Each structure stands twice: as structure tokens, then as C-alpha cells.
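The values are calculated or read from the model by the stated rules, or taken from the named source; none is laboratory data. Predicted model only: the values in this text are computed from it and were never measured. FYI the Cβ positions are ideal-geometry reconstructions off the backbone, even for glycines, and counts take in every protein chain you see.
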Amino acid sequence: MRRGRSTAGIQPLSPKRKWQTITLATLLLVPAYWSMLAALVAAASTSEDPLPNPAASLAFGLALIPFVFVVLAFMSEHPRAPGAVVRAMGLCLLVGITVSALAADAVTGIVAGVGAGGIVALRADAGHTWRARALAVAFAVVYVFVLVRVASSLALLPAPIFPFTAIGIADHLSERRRAYELSRS
């Protein structure tokens, strides 16, 4: 017997609650991302005593990531929130490390990993598709990849706002498409 997404009997998450969840998770992701970015810059520094301490900054950033997924899962009232957080962390590591290796930069990998984790951590209601969410995160990853290659280093600062925002927009468009299809039938 295959266990699927069980949202039977659960009211859809209101748009206000979804965007509050996405906003809070993003606000928690920002210091984690900036801390990891500072660690990577400090580690690449040729200074004898880099500030900040790369190991401490990286550890702080990585330690915040599980809490980002906890916020996404529990605030969105995911029916199996603890399992969703564990799956989100696994996907975050798997996708993040793989994309970082392929893209040859850490920023793209962080956005890809966090986005992949966000797909499973944020509750999906009826009409929300995994495919739409994955395409939205892929778009955010490609956008960040291009920013890393083309824009100045200041363009890297807003990167943590892209993955969860992309998922929220994908869900919104899926809801609109579903409402349109229901109105036509």
C-alpha cells in the first residue's frame, strides 16, 4: 500500500497564512544564508586572521536551516510535519551538495537545496503539484546561477528570498488554474 499525500478533511491553508509562513521562514533563512556566505568568503580570504571565523559562521548558518523547515512544516499545518522536516533536510543536503558541485558555486547550491526542502516542508493542498513547485524552484536556481555569473556581488544578498517565494507563487498559480478548470466544468 502506497502512502500518498493525505489532506482529506483538512481545510486548505488560507493565502494569508501561507504567505505568513513563507515570510517567517524566509526571515529565518536570511541570517542562515548570510552567515554561510560570510563563512565562504572568510574561508577564501588570504588574510591570516579572517573575520568572521569561517567554521563558526558556517556552523551557525547550517544550524538554522532545520528550524527554517520546522517553521514551514508546522506553520503550514503539514499533516506529517516531523517527517516532512526530516525529508526536507535530506533533500536539502542531497540537492544542495549536488547543485553546488555542478554549478561550481555555493550560493546556487544553497538556493537549490533550500528550495527542494521547501517543496516537501510546506504543506501542499489540493491542486498544488510537485511539478509546478519543482519548476518554480528550478527557475529561482537558474536566476541565482545567472546572478552569480553576471551581476555584482551585491546581487547575491537577496538570493534567500527566491526559493520559498517561488513555491508560493507556483501554488498560487496552481490554485488559479484549478479554479478556472472547475468554473469551466
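Annotation: residue 72 fulfils all but one of (1) crowded, with 21+ Cβ neighbours inside 10 Å; (2) under 14 Å from residue 33 (Cα atoms); the unmet one is (2).
Name the single residue that is farthest from residue 12 (Cα to Cα) among those in region 84-130 being small (Gly, Ala, Ser) and touching a Gly at 6+ places or on another chain (Cβ under 7 Å). Applying the filter and picking the extreme gives 103. Taken together, the residues in region 17-62 that are in contact with a Ser or Thr (Cβ under 8 Å, 6 or more places away or on another chain) and of a type in the set (S, T, N, Q) amount to 4. Looking only at residues of region 13-55 that are surrounded by 14 or more Cβ atoms within 10 Å (Cβ to Cβ) and among the hydroxyl-bearing types (Ser, Thr, Tyr), we find that the one that is farthest from residue 155 (Cα to Cα) is 21. Considering only residues in region 126-182 that are buried (at least 20 other Cβ atoms within 10 Å of the Cβ) and among the β-branched types (Val, Ile, Thr), the one that is modelled with the lowest pLDDT turns out to be 144. Do we have residue 98 as at pLDDT 90 or above and crowded, with 20+ Cβ neighbours inside 10 Å here? When the stated conditions are applied, residue 98 does not pass them. Residues considered: 148, 107, 111. Of these, the only one that is within 19 Å of residue 39 (Cα to Cα) and in contact with a Phe, Trp or Tyr (Cβ under 7 Å, 6 or more places away or on another chain) is 111.
Assess whether residue 184 counts as being without any contact (Cβ under 8 Å) to a residue 24 or more places away in the chain and closer than 22 Å to residue 12 by Cα. It is true that residue 184 is without any contact (Cβ under 8 Å) to a residue 24 or more places away in the chain and closer than 22 Å to residue 12 by Cα.
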